[in-house]
Amino acid sequence: MILLSKNYCRASPQFEQKFHCRSFWITRFSRSALLPLAILLSLSSFTAADDQLVEITTRLIPAEGAVPGQRIKLEVAVATPRWFTAGTRIKLPEVPNLLLLQNQDFAANSTERRGSESWTVQRWFIDVFSTKPGTVVIPPLKVSVSISKATNEAIARTLETQALTITTSIPPALEGLEHWVASPSVTLVQSIDGSLDTYLGAAISRRLTIKANDVMAMLLPRATHHNEPLLQMYPEPPVLRNRSNRGTLSATRIDRTSWIASVPGTVEIPGAVVNWWDTESQTLQILRSEPLKISISGELPPESAATAETVKAVLSAAAILLAGFFTWRLIVSEWFGALGKRLGLLRQPWQRLWAVLKGSPLPNRLNPWRTR
């Protein structure tokens, strides 16, 4: 169309004069429209070539058979035939009834052979915990990567994983239970501070420590507190600790409760109960602590002999230290110095008398062993 306009204008000078600017504008417009199109086509081919430099895959471990509260690993593998030039970032979505945590600070790096090329692979693990039974869909995760395209040239991309479906169910052994710990290893330890045969006003403290692997501390059950009419209860806030080391998770929960004896009598505090779902054997085990049988007497206990001896020893040591302090102050004082001088003047006559009585140790003549 542009060529016809030019030829027609050349054949008709009058027409050329009238439509010369119009033909020039059409030519400029066509060029301006074709330029972005050419750039877009070149960018499309550039993006398609770059997408061949990186790939991303995901999987769930275990893929099925998990119970609510059990750790499910979401593996995100990013591979490239080149190498990574910056850190990889994963943006986790918020999913109802799911707890997604990235407890891993560094990826597991490896290389694998694909045909004639050597690929670099980063494996990231996201910990997923389901809080309710049922089916939940994890939306695509956004993964930002930066890889080398050529020497001194890198490209940055934000990739998206495929949506994954997690299905958890409650086995018959866990039906009707309020809580359980899904883990391959769980321990329950109880320690007591104070005597169970106590008296009014005395304190008794119980410390419950739960340790488990492949679980978060927030998922460990809290200790059940029992209000007893003979005791005043003072529970402390729980202590939660999480530790991650090379893909291994360990959690600790410590509950401490103190009771003050307020009424004479006998009372029994039930032991703690932890329902443990063994994820390796797929069986239920119940962990229990020993109950506390507390006997409260109405009178204060007599002071023991050992306590009395300890008090006497402390008082004697304090008296000796106090006497030594005053003695030292007396020695360094001016009054004691003046007294010492006066005693020295009185002591001189006695020293002279003693020297006369004792005699001189020197002989009264030279060479006394020689005879004349």
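No value in this document is a laboratory result; all are computed from the given coordinates. Note that the structure is a prediction, hence the values are computed from the model and not measured. Don't worry about glycine lacking a Cβ; one is built from the backbone with ideal geometry, like all the others, and counts go over all protein chains shown.
What is the calculated FRET efficiency for S148 to E64, with r their C-beta to C-beta distance and R₀ = 51 Å, to the nearest 0.05?
The formula returns an efficiency of 0.85 here.
Along its principal axes, what span do the Cα atoms of the stretch 179-237 show, with the longest given first and each in whole Å?
Principal extents (Cα only, largest first): 44, 18, 16 Å.
Quote to one decimal, in nm, the extra length available between V95 and E290 on full extension: 0.36 nm per residue of separation minus the C-alpha distance between them.
My answer for the length gained is 66.2 nm.
Can you give the FRET efficiency for Y199 and T165, using 1/(1 + (r/R0)^6), R0 = 56 Å, r = Cβ-Cβ distance, to the nearest 0.05?
Using R0 = 56 Å, I get an efficiency of 0.35.
How far is it, in nm, from the label point at Q102 to the one at E228 when both lie 7 Å from their Cα along the line to the Cβ?
5.0 nm
Kindly write out, for the stretch 144-149 in residue order, the coupling ³J(HN,Hα) from the Karplus curve 6.51 cos²θ - 1.76 cosθ + 1.60 (θ = phi - 60°), rounded to whole Hz, with x marking Gly and Pro.
Going residue by residue, I get 9, 10, 9, 10, 7, 9 Hz, with x marking Gly and Pro.
Taking R0 as 22 Å, what FRET efficiency do you get between S191 and L240 from their Cβ-Cβ distance, rounded to the nearest 0.05?
Computed FRET efficiency for S191 and L240: 0.75.
So what J values fall out for the stretch 255-264 if you push phi through Karplus, 6.51 cos²θ - 1.76 cosθ + 1.60 with θ = phi - 60°, rounded to Hz, Gly and Pro as x?
So the J values, rounded to whole Hz, are 10, 10, 10, 10, 10, 10, 5, 10, 9, x.
Compute the length gained on full extension between D278 and A86: take 0.36 nm times their separation in residues and subtract their Cα-Cα distance, giving the result in nm to one decimal.
Here the answer is 65.1 nm.
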